[in-house]
Every structure is written in C-alpha cells, then in structure tokens.
1. Is it true that some residue in segment 299-318 is in contact (Cβ under 8 Å) with a residue 12 or more places away in the chain, open to solvent by 10 Å² or more (accessible area, probe 1.4 Å) and at positive phi?
2. So, of the residues in segment 434-474 that are loosely packed, with under 15 Cβ neighbours inside 10 Å and within 31 Å of the chain's Cα centre (by Cα), which turns out to be farthest from Val421 (Cα to Cα)?
3. In segment 245-269, which residues are more than 19 Å from Thr487 (Cα to Cα) and either part of a strand (DSSP E or B) or more than 24 Å from the chain's Cα centre (by Cα) (or both)?
4. Among the numbered criteria (1) of a type in the set (Gly, Ala, Ser); (2) assigned to a helix (DSSP H, G or I); (3) within 27 Å of Glu63 (Cβ to Cβ); (4) in contact with a Leu (Cβ under 8 Å, 6 or more places away or on another chain), which one does Gly280 miss?
5. Taking Pro309 as meeting all but one of (1) closer than 18 Å to Ala185 by Cβ; (2) outside any loop (DSSP other than H, G, I, E, B), write down the number of the exception.
6. Under 22 Å from the mean Cα position of the chain (by Cα), more than 30 Å from Leu93 (Cα to Cα) and not in a strand (DSSP E or B), is that true of Gly337?
7. Is at least one residue of segment 391-405 surrounded by 16 or more Cβ atoms within 10 Å (Cβ to Cβ), of a type in the set (Ser, Thr, Tyr), farther than 29 Å from Leu93 by Cα and in contact with a strand residue (DSSP E or B) (Cβ under 6 Å, 6 or more places away or on another chain)?
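The values are calculated or read from the model by the stated rules, or taken from the named source; none is laboratory data. Computed from a prediction, not measured in an experiment: that's the story for all the values here. Cβ coordinates were reconstructed from backbone atoms using ideal geometry, including for glycine residues, and neighbour counts include every protein chain displayed. Surface areas here come from the heavy atoms of the whole protein model, side chains and all, with no ligands, DNA or RNA. Shrake-Rupley method; radii C 1.70, N 1.55, O 1.52, S 1.80 Å.
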Amino acid sequence: MTPLGVLQHRADSDPDGVAFIAGNHKWSYRQLATQAARLAGGLVARGIQKGDRIALHMPNRPELAVALYACFRTGAIAVPVNIRLKTAELAPLLQRLQPALYIGDADLYSQMEPIDSSILRQDCRFMVGSTGRDTHLQPWTSLLRDAAPDAPSISDARSPAVLLATAGTTGAPKFVVHTDATLAAAADLWKHLGLEEGQTAALFCPMVHASGLFTFLACIRFGAPMVLLERFDADRVLDAIELHRCNWLLGLPYMFAALLECQRARPRNVETLQFCLSAGDVCPSRLQQEFTLVSGVPLRSVWGATEAPGSLAYGLEPGPVSRISPVTQVRLVDHAGTSVPPGEVGELVVRGPNVSTGYWAGPGLIEDMPERGWYHTGDLMRQDDKGDLWFVSRKKDLIVSGGSNISPVEVERVLLAHPAVADAAVVGIPDDVLGQRVTGFVQLREDAPRQILNDVLDRLRAELADYKVPERLHVVPSIPRNALGKTDRKALAAMIVCQGPNRTPKPRTAPRR
C-alpha cells in the first residue's frame, strides 16, 4: 500500500488515533489526512501538476507532514531541503530543481531570500510561521484557503515521489529518486528495526533527511504514534521520553553521545525504552556499552543508505555489524564485480523493492539506474560465519599507504576506546612517496592533560600494525561534521593540506615516535 493509501486507511479505520504529537497538540490520522487533502487542493488551484517539484524547507513540523502527503496526492515531487544549508549551497541545488513552489519555515527564509526569482519566483514562496511585515512573503495558510474543491488524487506508484539530496563524490549533490512503491517497501522494512503497532517513537532526526523521513512514514504504516521534535536537543528528547513514555529511538552516534551526557547530568525516567538504534555513521563500541549501562537498553548499530533504506537490520552485538533483512538480496564483490569468499572484504551491493530507482537529472530523466536492480553502496564489508555483515570502510575513505589498505574506522575504533578521547577521526593525506599518510584528529575530554597524546599513541601501537598508526595526532576543539551529521573528512584533510602563513594557529600535535 502506498504511503498515501496507508494514511487514508488509518484515517478511515482509526480516525481519532494519534498520528503524532507536536508540542501540546495531538494530531489524529483524520486531521492529517484532511489537512493534506486541503493543501493538495491548494496546490492544484495554484497550477501544480504531476511531476512539478515542491521544495519543503523546514524542521520537523506538522506542516512538513501535511505537505508531504499533499505532494503524494497531487503527483507532485516532494523535495525536502536540508535546513542547515546556506544560500551559496541552496542556489545551485534549486537551480537544478527549478521548483514550481516553495514551502518553508519563516525562521529559515533569510538563507532563501537572496535566491534569484529566475530560479524561484517570488509569488511561489510560501511561509510557515510569522512573515512579519514583508508583503512579499505569503503565509502557507493561503494555500489552504484557495483550495480547489474535490481535487482528485493522481498518485502514481512508479513515478518519482520524493527526491532526497545526498552528497556526491564530486561535492555536487545528487538527488536520490524514491517512488511511492520504494517508499512503501522501505517503510515496511522498519518492522525489522523493532518498530511495531502500539510503540511510541521519539522522532528527532530531520524529516528532510532519509532517516527522519522513512521513520515518519514507517510510524504511520505501523500505527506507532510519534513525538515530533523540531530539532535535536538532548535534554528535550530525554524529557519527551519520560513524559510520553517513548519506546523507540533512531539517531546518529553523536546524538546518542549527547543523550548519554545529559542523562548522566540530570537523569530522567527512561525505563520504557525498548529499541535504540544508531545509524548514519559508525557507532563507537564504547558509546554502545556506556549508553546501555546508563539507559538499561542496548544501543544497536544499523547500516543505512538513502538509496536503500531498511536493507539491513540492526546487529545483535556491539560494533558496526548489521543483519540482512529478509527481503534483501546481498552480495560482497571485488573491484571486478566478482563475489568474494566469506570473511574477505568486498563492496556491498544490495537489491530489493526498497532500492531507489536512480538519480534525478531533470524532468523524465533518471541516471545511474541500478543495473538489474543491484545498487552498489560504496561500502566495504565482510561477512562472518553467522551471515552478519561488518562495516570496514567507505570505499572512497579507504587509505592506501605504501601499498597497504587501511580502514580509518578501524583506527578510529582504537582511538575512541581511550578514556581521554571524546571523539576522533582519521584521514589519508596525499604523499609523494607513500601515496597517503595516516593522520589522526582527536577531541579530548575536558579533564585530559596535555601530555596524554603520547599515551594515546602508545595504545594505538599496542593494538594496531605499525603502518596503521597515524604519523601525527592533531587535537581539535571538535570533529567537524557535514550537513548530514557525518564526520567531514574533507574538512579535516583541508586543515592539513591547506596550511599556510595565514592559517589560524595549528592544533596541538604529537608525532608518531
């Protein structure tokens, strides 16, 4: 059943059931379906047609949910826009999309306002929240007032329904295409992530990203009410868990690290938690262990990709391990596309009904469609004797030094196990002799002494082969993260490669002895 069909079914069978809680207001399935139908009528009245792109630029708000289902109803393509992007990043993204309409949060509009009207017409910009005295800004409620009566539903299960921007290898964003069919299949796979009817989820991952969007659709699919939090704030998440007796969480590792810190500082009653899943980046084993001790519930690691959400289920033991979901077909292949033997490292390729149909290049143009349905993830993994998959590295992040392959994740795991290290990252720096040299970055805990770096290096030398040990460790105030919340390795490498006379003071370093 398509996402729109699921919502309509819920509205018919359980009209007063709670779809989500936003602030002090409970939204029922009937209210969500009714508002989505009204907005769909408003879009049709404004001339929106099937295939038109609608830019949705806001945090986790009821209006975002309404707009998503309105797009599903009209056949328009919903394009959730990253709320952390600045004008210089938004302009080329919208230039490629040529959206027919924009619905955004008024508090974010300062980054959208400079966008030229040739890219996004002024009369096609609608705001959620106060528009102040700016007469150019139209409230989104005007779309509800001007709704066309009885706007027909023209949903098409195989046409693009959502475009999700993801960073490309060249830096230019790629628009991952999901149809109603792939959205429905992905939402259904959330049952293998522990989500089921009667549970209450705390949704703090942005719905403009894959993790938040698919979690939202899955909660509607399984009739699991959710607490909709506009942005991630660890204290507010913990308060929501206690107040609403939440059972299910999905977040990034840094989010769970913040939850752990805040729970230690001011404990909340989190005894209702049953499933806590870390996705989007490698979750340090120490964080998994400490979170479990404090919360009383295991922090599970799960692999995910915008192109293939839900293909793998959470692992049952600490570490970057995942299990294969029942409907997913999986292969690990070498550079020639040949399957590797069990225990050897290969690139993960997956196939299933949830896999994206390709990348949007323009109206009616889909590029890089998965060959025979197989999506090449770019992630290197190995399969153990139980059939579970262990993440090794991103293919493009693999460091090749002196002819040896080095997984930055493996080195980071040892760094993060040191009690003085709060966060860490490892990158390869270009070198004329070795090809790349291993360089590490650490964020130390506040009470760590300056001389601790040598002890950290001693730990690395004791647990890793010499060629894997970073030649130099740099202490930084924090590990930079990109707009998706993942470690920004390009930014770290630039800190070293671009050093010059005008650079800010260098971080403290310790050379490899």
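1. Scanning segment 299-318, I find no residue that is in contact (Cβ under 8 Å) with a residue 12 or more places away in the chain, open to solvent by 10 Å² or more (accessible area, probe 1.4 Å) and at positive phi, so the answer is no.
2. If we take residues in segment 434-474 being loosely packed, with under 15 Cβ neighbours inside 10 Å and within 31 Å of the chain's Cα centre (by Cα), then Glu446 is farthest from Val421 (Cα to Cα).
3. Taking segment 245-269 as the starting set, the residues that turn out to be more than 19 Å from Thr487 (Cα to Cα) are 245-249, 260-269.
Correct list: Arg245, Trp248, Leu249, Arg264, Ala265, Arg266, Pro267, Arg268, Asn269.
4. Result: Gly280 passes all but (2).
5. (2)
6. On the way: under 22 Å from the mean Cα position of the chain (by Cα): no; more than 30 Å from Leu93 (Cα to Cα): yes; not in a strand (DSSP E or B): yes.
Against the criterion (under 22 Å from the mean Cα position of the chain (by Cα), more than 30 Å from Leu93 (Cα to Cα) and not in a strand (DSSP E or B)), Gly337 does not qualify.
7. Narrowing segment 391-405 to residues surrounded by 16 or more Cβ atoms within 10 Å (Cβ to Cβ): 391-394, 397-399, 401.
Remaining after also requiring of a type in the set (Ser, Thr, Tyr): 393, 401.
From the residues that got through so far, the ones that are farther than 29 Å from Leu93 by Cα too are 401.
Going one step further and asking which of them are in contact with a strand residue (DSSP E or B) (Cβ under 6 Å, 6 or more places away or on another chain), we end up with 401.
Within segment 391-405, one or more residues are surrounded by 16 or more Cβ atoms within 10 Å (Cβ to Cβ), of a type in the set (Ser, Thr, Tyr), farther than 29 Å from Leu93 by Cα and in contact with a strand residue (DSSP E or B) (Cβ under 6 Å, 6 or more places away or on another chain).
Here's the yes/no breakdown for (1) part of a helix (DSSP H, G or I); (2) touching a residue at least 60 places away in the same chain (Cβ under 8 Å):
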position	(1), (2)
Gln35	yes, yes
Val66	yes, no
Ala78	no, yes
Ile103	no, no
Asp107	yes, no
